[in-house]
Amino acid sequence: MLTKIMKNLFSIGILLSILTVEFIDAILDRQQQLSFLNEHNRFRELAYPTASRMLYLIWREHLAQYAEREANELCYIVHQTDTVWYIKMGDSWLSYQTTENVLPTAWQIVDAWHSTGRSYRSTGACSGENTNCQPYLQIMSDKLDSLGCAYYLCHGVHTFVCYYSHKAAVHGSRVYAVGEPCSACPNSLPLCLNNLCIDKMIVRDPTVPVYKGSDSSQRPFCTRDCETCEQRLIGQCRRCDCSNGGTRRPEATPSNCRCTCPIGYFGRQCQVTLARYKNSVALRLGVRGPGKLSMSLRTKTRSTFLPI
């Protein structure tokens, strides 16, 4: 009797050890989280044609928890196929599953999702052989502002899931608004970094990658508003926009803005109307001596000194 009990306990121990290996609910560490986040933003900043209000994505822990739940459920789906990786999607999530022994990188996973949009980028709709470009629509939607991702292993299938703040655009609609990068950013994200709309907290975050130089081997275009990649504080990020139909001079920089103005306007950014300037009145208060104040009125034609 004792021998039989010992055999049963031994069998249970083996079964538990198998289950421990077969089912792994892995929490992504900070570096893995940043990898998924940065790869999503990398594809979004390189949108072509360029997007006018593409938002910089941030990590949300509650979305990562949703992704963990979906990854857990997907692991129990039996795959009857000879392929070594699969893509699935739900209401607001994307998954990547593989039976390969070598785990894919975040870049390989996000690239697989992005690659489903080849036909969409050329036609503006899901067409041709690749009619399922929904994963591309999901990661490139300009409504997204955050995501969370998770990993799960069961039955030899590695499952990665990313959960998003908003559902993807539907077939036949534009995935994002086309225009000059950051030209239509919402008021809550007034700054621009690598073609993406950001706020001052993102600018100051040291984990946010800022790409240096314009060499083709590097990711070009540090930011539209900052002269150099090192200028990260909000006070140093200034725009050089020309008013009243003016055009920016080639030598102009955000810190030394210069515009070529049309007739009737002047100023560094063509912000002054010449007709209004000629008819303007300047009021100045001054001190002439102990206990004596003075006021002067000045126009383009004459000045009047009035003691007070």
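The values are calculated or read from the model by the stated rules, or taken from the named source; none is laboratory data. Everything numeric in this text was worked out from a predicted model, so none of it was measured. Positions of Cβ are backbone-derived with ideal geometry, glycine not excepted, and every protein chain shown enters the neighbour counts.
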> Does at least one position in the stretch 116-138 carry a residue that is at pLDDT 80 or above, more than 30 Å from Lys200 (Cα to Cα) and either of a type in the set (Val, Ile, Thr) or not assigned by TED's automatic domain parsing to the domain that holds Gly179 (or both)?
Replying inline: yes
Selection from the stretch 97-115 of residues at pLDDT below 85 and either surrounded by 18 or more Cβ atoms within 10 Å (Cβ to Cβ) or in contact with a Pro (Cβ under 7 Å, 6 or more places away or on another chain) (or both) yields Gln97, Thr98
